[in-house]
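One structure is given here, and the rest of the page talks about it.
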Amino acid sequence: MKVRHLPYQIAIIITLGVYLYYLIYRIRYTINPESLILSLSFFYAEAHGFLALFLFFFQIWQPAQRKAPPPNFGLTVDVYIPTYNEDISILRKTALGCVNMRYPHTTYILDDGNRPELAKIAESWGCKYITRKERKDAKAGNLNNALRNTNADYIVIFDADFVPQPNFLDKTIGYFRDPKVAFVQTPHNYYNVDSFQFRINKKKEQFWNEQDIFYKLMMPCRDYWNSTFFTGSAAVFRRQALEDIGGIATGNITEDINTTILLYSRGWKGIYHNEVLSNGLAAKDLKNYHTQLLRWAEGNIGLLFVNNPLFIKGLTFSQRVCFFAVIFGWLIGFPKLIYFILPPIMLLSGGYPIGSFDFCFIWRYAMFLGVILIGFKFVCRGYGKIRYDESYLMMNFFIFIKAALKNILRIRSVFKVTGKGLQASANLVEIIPQSLVCLICFGGIAWGWLKLYYGVSPDFMGIGVAIFWSFVNGFLAISGIELVTRPYFKRKEFRFVGAIPVRYSIPSVSDSISNVGVSRDLNEHGISLVTFSPLPMDKKISLSLYLNENVLSCNATALYTAHDDTMPSYLHNKMFIYGLKFEGLSRDKMDLISRYCFDTIIPRFLQRFGKKSSVFLKIFYKFCNHERFRKHVRKKITIPLVIYNKGKPFLTAVTNDISVVGLSFTSYMPLELGMILIMEIFTPFGKCFVKGEIKQMREIVAENSYFVGIKFSHFFSNQEYACSMPARKDDKESLERWLKIVATGNN
């Protein structure tokens with residue numbers, strides 16, 4: 001047991017101890033015989049919660065710590081991309097990502113849609129093509145068909161929308177030095193952060209995804225118990241292990257976890273490499289999300305009837321507990337329904353699940369609730385967001401109930417592919433359960449107030465508690481409904497959020513505009529560009545995109561101007577935001593942009609927004625803000641700069657932050673500590689030249705992203721700099737003026 005995990009394990013024990021004490025008190029003293037059905041229903045929900053929390057805490061007891069071993073070369077590897085009806089433009093990104101993985105391999109498109117046009121284009125992507133006449137066993141059958149028609153010793157599986165990083169195999173294939181390792185699973189990360197499954201705060205540089213707690217906390221901890229499992233994509237298998245169990249498991253629509261249980265029962269091992277090495281598309285709307293969720297829930301609950309982990313031979317005790325926890329976790333719909341509708345039922349019926357809402361119960365309930373909330377928050381290490389988690393349970397509880405009932409009634413499940421099309425607002429049919437919860441909650445609140453107002457009931461405490469929880473549940477329902485029914489901008493292709501330098505010019509005008517701006521987002525079809533000079537809406541604009549070592553030249557047209565409500569008044573008429581559409585891009589140039597987005601922008605975004613501070617650090621920074629202790633505060637501002645070497649530009653970049661004494665930026669290549677740089681910095685108030693020394697340099701994303709910290713040593717005027725560079729009109733006052741305005745907020 002490592003000391004750094006001890007505080008979390010102590011918190012787990014205390015939290016479960018308090019919960020168990022509360023349950024014992026409840027069953028002994030608070031069951032209400034006058035409303036026995038309500039009382040027992042409520043106690044069942046609380047007891048279910050205790051078992052669910054115990055199983056969850058068991059899984060996250062301690063994370064496994066793994067470092068990728070060096071790859072063992074000379075192995076034969078086949079990469080499978082199973083597909084049925086996915087858009088070819090989506091499939092192309094995955095295929096090119098797979099082909100561009102550095103470790104030698106062969107990539108196969110496994111087309112269950114049997115599309116002639118895909119067969120023709122696959123070869124141009126550098127892929128081989130496999131199809132079959134019938135779709136027996138859906139995805140599992142497709143994979144097994146490929147296993148029979150290929151012969152590599154190792155198999156990599158990517159869903160049609162999962163794009164791997166070039167180093168995916170370099171980071172995973174080395175684990176197979178252990179002859180007992182059957183598979184290596186990597187996290188699923190979803191790049192379309194505009195999906196309703198995400199919450200993103202650009203100001204705080206934080207984002208939340210509902211699956212973070214599973215892939216970033218539960219799976220590393222399950223690896224400690226040798227209970228990680230295949231999650232359908234982004235995994236590497238040993239062919240020998242799959243052949244040992246007869247191939248990918250069939251007979252269940254969640255072939256991934258079923259396959260895993262069979263492998264463990266035969267004595268094989270699984271590995272979880274906790275590093276994002278591929279990126280996929282999240283379901284964009286509620287309909288497709290629920291299609292996906294229902295498939296997962298049906299399949300996982302179905303393990304009770306097929307390969308039940310409690311009874312199948314060959315599993316260890318910890319594996320049985322961990323896999324039963326997966327099944328039990330999908331049964332949360334029934335207790336959640338009780339929690340959601342019981343408070344308004346109390347108000348409407350007058351029946352209480354608690355014998356008496358006296359002081360003895362209230363203080364114990366308050367203690368129990370406080371310990372559970374604080375303990376869960378702490379133990380989840382920054383990944384658990386209670387409000388968001390409860391909001392998603394409100395949107396999903398009916399799906400969980402539906403999946404459980406279909407399994408109980410043994411209704412045959414059908415594998416449905418999750419749609420990857422345009423995002424659409426939910427219709428009224430899809431939110432009927434949440435609308436009913438909302439209606440009954442606020443109806444109960446109104447009735448409760450009327451009872452108190454007219455003196456029908458003197459029980460202020462009981463009615464007050466019921467009104468409070470009815471309001472909480474009603475608020476969850478309303479917020480969920482608002483989220484999934486709000487209108488969406490119907491952009492088919494997601495724009496990757498990232499800042500890259502872009503040089504722009506309008507050569508067709510007499511007084512030619514030429515400057516450097518910064519992107520806000522980007523894809524192979526267009527870019528959102530921040531400029532320091534206005535652009536015409538009816539002229540062709542020449543762009544140079546600085547994509548690491550590649551400079552891509554293209555033409556674009558401004559389609560619209562955007563207004564940023566957060567932009568300070570002093571930047572009006574100084575900074576402009578344009579939506580640009582690329583014109584006449586070749587397929588090769590579009591692929592270059594796409595590869596840059598997946599290989600560079602996404603990893604940098606995750607590094608910047610994916611940091612999770614501990615509770616103690618958050619409290620420390622809240623009360624001891626570092627700005628109080630620094631004379632010159634760094635402002636998180638993205639502006640372009642050009643770095644010169646021997647009088648010639650050799651690197652164009654974008655700042656991460658800047659002050660009057662220094663700045664930092666991200667470089668695609670490593671630079672040496674102590675190196676002296678001459679920088680041309682572009683601001684809304686002009687340009688200036690600065691000399692600075694590299695004081696910090698560290699790798700932040702493997703192989704292509706390095707944090708560089710600079711301390712200024714000298715500002716140049718145009719006269720001083722004319723000896724080594726062409727004369728310019730700008731001087732150091734532009735940067736000093738800009739930074740003073742930023743610091744004070746005054747024009």
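The values are calculated or read from the model by the stated rules, or taken from the named source; none is laboratory data. Predicted, not measured: the structure shown is a model, and the values here were computed from it. Using ideal geometry, Cβ is built from the backbone for each residue, glycine included, and neighbour counts are taken over all protein chains shown. Keep in mind that these areas ignore ligands, DNA and RNA; they rest on the heavy atoms of the full protein, side chains included. Shrake-Rupley method; radii C 1.70, N 1.55, O 1.52, S 1.80 Å.
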Span per principal axis, largest first, for the Cα atoms of the range 1-114 (Å): 68, 44, 20
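With a sphere of radius 12 Å drawn around the Cβ of residue 169, what net charge do the other residues whose Cβ falls strictly inside it have (Lys, Arg +1; Asp, Glu -1)?
For residues surrounding residue 169, the net value is 0.
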Tilt relative to the chain, helix 432-453 - C-alpha long axis, 0 to 90 degrees, to 10: 70 degrees
Derived scalar couplings ³J(HN,Hα) [the range 141-150; Karplus, 6.51 cos²θ - 1.76 cosθ + 1.60; whole Hz; x for Gly, Pro]: x, 4, 5, 5, 4, 5, 4, 6, 10, 10
The range 56-105: radius of gyration and largest Cα-Cα distance (Dmax), Å: 17.2, 43
Backbone HN-Hα couplings from phi across the range 214-230 [Karplus 6.51/-1.76/1.60, Hz, Gly and Pro as x]: 6, 7, 9, 10, 5, 5, x, 6, 4, 4, 4, 8, 6, 9, 5, 9, 5
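How large is the convex hull of the C-alpha atoms of the range 273-427 per residue, in Å³?
Details: hull volume 32.5 nm³, N = 155.
Considering the Cα atoms of the range 273-427, their hull volume per residue is 209 Å³.
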Accessible area (Å², 1.4 Å probe, nearest 10) - residue 436: 100 Å²
Helix-only mean residue ellipticity at 222 nm for the chain, each DSSP H run of n ≥ 4 adding -39500 (n - 2.57), per residue, nearest 500: -12500 deg cm²/dmol
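Translational diffusion coefficient of the range 336-470 at 20 °C, 1.002 mPa s, Stokes-Einstein with Kirkwood Rh over Cα pairs, in µm²/s as a whole number.
Working: Rh = 18.1 Å.
This corresponds to a translational diffusion coefficient of 119 µm²/s.
Could you order 188, 714 so the one with the most accessible surface comes first? Probe is 1.4 Å.
Numbers: 188 20, 714 75 Å².
Highest to lowest solvent-accessible surface, that is 714, 188.
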Amide H partners (placed H, <5 Å) of residue 651, local residues excluded: 643
Longest DSSP-loop-exposure-free segment, GluC sites (Glu not before Pro), the chain, at most 10 other Cβ within 10 Å: 135-548
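Tell me the trypsin sites (Lys or Arg not before Pro) within the range 258-339 that lie in a loop according to DSSP and have at most 13 other beta-carbon atoms within 10 Å.
Values: sites: 266, 269, 284, 287, 295, 313, 320, 336; in loops: 266, 284, 313.
Of the trypsin sites (Lys or Arg not before Pro), the ones in loops of the range 258-339 whose Cβ has at most 13 other Cβ atoms within 10 Å are 266, 313.
For residue 291 and residue 450, compute 0.36 nm times the residue count separating them, minus their Cα-Cα distance, and round to one decimal in nm. Show your work: numbers first, answer last.
Details: separation 159, 0.36 × 159 = 57.24 nm, distance 4.15 nm.
Net length gain for the segment: 53.1 nm.
Tell me, what is the FRET efficiency for residue 560 and residue 76 to the nearest 0.05, using R0 = 60 angstrom and their Cβ-Cβ distance as r? Present the calculation step by step, with values, prior to reporting the outcome.
On the way: r = 51 Å, r/R0 = 0.85.
After rounding, the FRET efficiency stands at 0.75.
Order 208, 296, most accessible first, counting only protein heavy atoms with a 1.4 angstrom probe. Please list the in-between numbers first.
On the way: 208 10, 296 65 Å².
Sorted descending by solvent-accessible area, the residues read 296, 208.
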Note, ³J(HN,Hα) from phi for the range 540-556, Karplus 6.51, -1.76, 1.60, rounded to Hz, x at Gly and Pro: 6, 10, 8, 10, 10, 8, 8, 9, 6, 7, 9, 10, 9, 9, 7, 10, 8
Tilt relative to the chain, helix 317-329 - C-alpha long axis, 0 to 90 degrees, to 10: 90 degrees
Folded to 0 to 90 degrees: helix 460-485 orientation relative to the chain principal axis, Cα: 40 degrees
Alpha carbon convex hull of the range 58-197, volume per residue in cubic angstrom: 160 Å³
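Counting only heavy atoms of protein chains, what accessible area per residue, in Å², does the range 1-87 have with a probe of 1.4 Å? Mind dumping the intermediate values first?
Numbers: 4520 Å² over 87 residues.
It amounts to 52 Å² per residue over the range 1-87.
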Zero-based 20 Å bins, Cα pair distances in the chain, whole percents: 14, 43, 33, 10, 0
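Loop only by DSSP, 11 or fewer other Cβ within 10 Å of the Cβ. Give me the trypsin sites (Lys or Arg not before Pro) in the range 639-695 that pass, ordered by residue number.
On the way: sites: 646, 687, 691, 695; in loops: 646.
When the trypsin sites (Lys or Arg not before Pro) of the range 639-695 are filtered for loop state and at most 11 Cβ neighbours within 10 Å, 646 remain.
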17 Å Cα-Cα reach of residue 336 towards aspartates and glutamates, excluding residues that sit fewer than 8 places from it in its own chain: 46, 389, 390
Quarter of the Cα convex hull surface for the range 190-277, i.e. its orientation-mean projected area (nm²): 7.0 nm²
Spin-label model distance (nm) - residue 51 vs residue 414, 7 Å beyond Cα toward Cβ: 3.3 nm
Residue 461 - accessible surface, heavy atoms, 1.4 Å probe, Å² rounded to 10: 100 Å²
